[in-house]
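Working notes, beginning with the structure itself.
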Number of protein chains: 2
Amino acid sequence: VGVAEVLPLVAERLGAIRGEESERGEPVYRRLVAALRRSIEDGALPLGARLPSERRLSSALGLSRTTVQTAYRELEALGYVESRRGSGTYVCGRPEWPSQPRASAIPKHTFARRAKAAGNTFLLDLMHAASTLHRYAFETGMPDPRLMPVRAFHAIIEDLFSQRSAEWVSYSPTQGVPQLRQALTHTLLPLRGLHGVRPEEVLITTGSLQGLDLVSKLFLEPGDTVLVEEPSFPGATQIFRSFGAELVGVPVDEEGLVVDHLQEVLARVKPKLLYVQPTLQNPTGAVLSARRRARLLDVASRWRTPIVEDDAYGLLLGQDAPPALKARDEEGLVIYLGTVSKILSPGLRVGYLVADEGLVRALSHVKQLTDLHTSTVSQFLVEGWLTTADVRGHLRTCQRVYGERLRLALDCLRRHPLIEPYIEPQGGIYVFGRILTGIQAARLRVESAERGVIFAPGDAFAVAGGLQDCLRLCVGASDLAALRVGLGRLLRLVEELQTPA
Amino acid sequence: VGVAEVLPLVAERLGAIRGEESERGEPVYRRLVAALRRSIEDGALPLGARLPSERRLSSALGLSRTTVQTAYRELEALGYVESRRGSGTYVCGRPEWPSQPRASAIPKHTFARRAKAAGNTFLLDLMHAASTLHRYAFETGMPDPRLMPVRAFHAIIEDLFSQRSAEWVSYSPTQGVPQLRQALTHTLLPLRGLHGVRPEEVLITTGSLQGLDLVSKLFLEPGDTVLVEEPSFPGATQIFRSFGAELVGVPVDEEGLVVDHLQEVLARVKPKLLYVQPTLQNPTGAVLSARRRARLLDVASRWRTPIVEDDAYGLLLGQDAPPALKARDEEGLVIYLGTVSKILSPGLRVGYLVADEGLVRALSHVKQLTDLHTSTVSQFLVEGWLTTADVRGHLRTCQRVYGERLRLALDCLRRHPLIEPYIEPQGGIYVFGRILTGIQAARLRVESAERGVIFAPGDAFAVAGGLQDCLRLCVGASDLAALRVGLGRLLRLVEELQTPA
């Protein structure tokens, strides 16, 4: 290809690029680079072709010599041309990019200490299990997809399209969509005894798990102590540990957290936070009695202990559930976490936090640096449901369905006494049980997975270690027939494994 | 009310509760509490009524004395009854809850040090501004809602309803919905020069901002140094600071990050990370030249400096944009962050991170403790759009529309030289400008807000302080007419404020 042929082509392309509306504002050298790149890419300037000299091109195109020089260097850096000393600049082809990144040169020892606490993949495995097909999936704390009001969501989405144009896919306030915060104060919060909450006292979180991340970010320094129930929800304990907290477990019995024990602990240690699930505790299903609730608030008040009340399961207990701790929190020591994950949809990732306005503001400041705001479409779906659905009726259905399943599971375990409930769950979707034959849950799980039955091993819920002979069965996502067959298989396996074949 | 009348009623209610399917598994005392509560709440047991003695009720209902005693204590704790010594137990009414939480007893001095860094409300204010009506809103980095493909989303949602039942509102894997990760490797990533990326090397994040949170959680200890561009995106600098990092700024000119300066800095300090926006830097609009990209990778390789490449705006630059740094990252030193916020929808909160598989796994571990996973419906909306839309055509439209607006804004500033671009932006949606009259942006903002014109003050983007006389104008969300009027008002105001009235 002679230089003479190339010049008009480049000139024409440069003119075309100048004319493209979107390119204005770009430096001239970048337009020249673009013109030459296109000519190389479409073969007009083939492999091996020599580019015009810088001087020749600059005079032909009416550009400064520096502009052409910069453009040639840029093309070289991009890998399109190479300059040969004393000879000129030649097309050397289209650049090749590495087809896939190699292993990282970033060494693991540069990770922060907190990364170790995140090494436990319990939650990750649960999410994986939730989206994998298992015939008898008792592992994840998953509500029944058949109870998710997909048809109602459809109608809500139709409304959003017709009424809110692009609002539902646009940025929204960090604290949460105002209509949703308002709707929560009228619907779900009063059902848990939280009357008269103002929208300013509500923060929307990306699932209640994010509430724990935000609270930890606001409060925890490495070395701080956090008191938790023993056993406790591993998501919470792992998050606290990842912020460098030391955990101290307080036992749970049929009446929930043993407040006498808590008092003894508080005489010894000064915790930054106390984390509790007073209503249908995960994994035990314990419900803190009203008597103990009153005493817990007294004790917390005496020692000025902030309480994080995780009420993820409270709405599954029904009308006779004791009101949330927060409902009697006259001193503002309780940070309340709720979620729609167990009653409506876990995949929308919509939770809510209730605290006094000052704390909500401080936590919003933390949230702006965490994910800016929770998915707007998720928030509008929840708001639409809360304001149009028969919320109480839906909750009654959930309570009835899960009640039947829990009863069947407990009946199964009673009839074949190989796994004994740790305590008798008072509702919800979990049975936490101890395997009476001495077999470890980890071993049982390997064998049972082969028969399509999966569950969560008990040691994941232990705070001070142990519970290797325990397991958590979630009855939420399996119908009665699946429960009967799956639990039957599991119990037969426990039996087989105790008697040598 | 005589005891004789009450007994049959309570017995009947207890029987009814026993019969309610959902209540099985509950201890008997709780059923008795429920029966008595209902009788008090509906007035059958009115205020002042005396309950049967414990002995009498236990023999009448065939329950143990302890069960009745526990139930009475529970009712007392709930506030329904009071026991008078030697006289019996009396109904004292329905309990009253505090109607709203008081100010918190949790003192601010118990907040972690990192909470201070979150005290700057820049992002929070942006989100607030984005969801408030301003006639001339040049503040938030907001794409034009008219360019969001709402109609396409509608069709995708219809498909989700008919084909995926409840999957799109259910739990999904922490690393991201596999179909979305797959779609990204075929669509957006190759457009940025990232060919042959495998889905295992992609992590879905709740907006690219969460990518910064996750990377900080994985790497940063208090006292670590992070290098950033000066000026830089305040979201990033605030997040790094909230993890206790010290920031060192490296200047940006027309060719992007000044790599010579970077080299000098690296000879003095050993940073944990280098954070850059090589393509359409926020706020300046600078594009790192290919020459400097190659040198930057050489320098990073020599000093083993991990690079966080934030490519939030790369897809707005058009086909002649230099490929992402990550495209030439042969050593795996680059962690790439992308997002659909600027091209599709910011409210879905869907970003993506590309790194080698080991790092993606480590970051997934961190994400499980942050929000479990990104909204499933948001992910399916993006996946649906990527696999059905004319992605390139849509991007060309965005580039054309924003190009026109940017050009108009720059023309305005050229014609009334009161605000001068910090550097000439090469595309995108921002003009970062210096006010030449000496007036501070903070003061100008107060006055201009009264005339309906808002913008982001420049000092928010400063790393080492200064830039009080600068401002960032976002042209993304305003049409040409609004830009013309809004900028005209702003420039007139700058003029007025320099000449005393």
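The values are calculated or read from the model by the stated rules, or taken from the named source; none is laboratory data. Computed from a prediction, not measured in an experiment: that's the story for all the values here. Note that we place each Cβ from the backbone using ideal geometry, even for glycine, and neighbour counts take in every protein chain shown. Calculation scope for accessible area: heavy atoms of the full protein, side chains included, ligands and nucleic acids excluded. Shrake-Rupley method; radii C 1.70, N 1.55, O 1.52, S 1.80 Å.
Structure data summary
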item	result
Exposure rank, largest accessible area first [B:Arg13, A:Arg268, B:Arg31; 1.4 Å]	A:Arg268, B:Arg13, B:Arg31
Accessible surface of A:Leu480 - all protein chains present, 1.4 Å probe, nearest 10 Å²	60
Three-way shape call for segment B:141-237 based on the alpha-carbon gyration tensor, with the a/c threshold at 1.5	prolate
Under the Karplus curve 6.51 cos²θ - 1.76 cosθ + 1.60, θ = phi - 60°, whole-Hz ³J(HN,Hα) for segment B:234-249, x wherever Gly or Pro sits	x, x, 5, 5, 5, 4, 4, 5, 5, 9, x, 6, 8, 9, 10, x
For A:Ala456, residues with placed amide H under 5 Å, excluding near neighbours	A:Arg472, A:Cys474
Signed unit charges on C-beta, dipole axis of chain A, positive-most listed residue A:Ala112, A:Ala166, A:Leu296	A:Ala112
Karplus-derived 3J(HN,Hα), 6.51/-1.76/1.60, for each residue of segment B:438-444, Hz, glycine and proline x	x, 6, 7, 4, 4, 5, 4
Long-range HN-HN contacts of A:Tyr352 with modeled amide H, under 5 Å	A:Thr205, A:Gly338, A:Thr339
Accessible heavy-atom area order of B:Ser208, A:Ser345, highest first, probe of 1.4 Å	B:Ser208, A:Ser345
Computed Kirkwood radius, in angstrom, where 1/r is averaged over Cα pairs of segment A:252-296	11.0
Other-chain or far-sequence residues with amide H under 5 Å of B:Gly256's (modelled H)	B:Val287
Environment charge of A:Val276, counting only residues whose C-beta is closer than 12 Å and scoring Lys/Arg +1, Asp/Glu -1	-2
Exposure ranking of B:Glu158, A:Glu255 by accessible area [1.4 Å probe, largest first]	B:Glu158, A:Glu255
Kirkwood Rh and Cα Rg combined as Rg over Rh, evaluated for the protein assembly as shown	1.03
Rounded to whole Hz, the Karplus (6.51, -1.76, 1.60) HN-Hα couplings of segment B:184-192, x for glycine and proline	4, 5, 9, 10, 5, 4, x, 5, 10
Length-normalised contact order of chain B in % [C-alpha pairs under 8 Å, at least 6 apart]	17
Dipole of chain B, positive end: most advanced residue of B:Gly43, B:Leu325, B:Gln399 [Cβ charges, Cα centre]	B:Gly43
Where only alpha carbons of segment A:327-485 are counted, the Rg and the Dmax (Å)	19.7, 53
Nearest-0.05 FRET efficiency for B:Arg489 and B:Ser165, computed from C-beta distance (R0 60 Å)	0.70
Residues of type lysines that A:Lys342 reaches as a straight line, Cα spacing below 22 Å, ignoring anything fewer than 8 places off in the same chain	A:Lys326, B:Lys367
B:Val377 accessible area, 1.4 Å probe, all protein chains in place, Å² to nearest 10	0
Net charge of Cβ neighbours under 12 Å - reference B:Glu82; Lys, Arg +1; Asp, Glu -1	+3
Estimated dipole of segment B:345-395 in Debye, rounded to 20 [Cβ of Lys and Arg +1, of Asp and Glu -1, Cα centre]	100
Added length on full extension, which subtracts the Cα-Cα distance from 0.36 nm per residue, A:Glu246 to A:Thr437	65.5 nm
Prolate/oblate/rounded label for chain A (Cα gyration tensor, a/c 1.5)	prolate
Within straight-line cross-link reach of B:Lys270, lysines at Cα separation under 18 Å, skipping those fewer than 8 residues along the same chain	A:Lys108
Within the protein assembly as shown: Cβ-based charge dipole about Cα centre, in debye rounded to nearest 20 (Lys, Arg +1; Asp, Glu -1)	360
Student exercise, chain B dipole from Lys, Arg, Asp, Glu Cβ charges, in Debye to nearest 20	1140
Three-way shape call for segment A:230-357 based on the alpha-carbon gyration tensor, with the a/c threshold at 1.5	rounded
Rounded accessible area of A:Cys92 (nearest 10 Å², 1.4 Å probe)	50
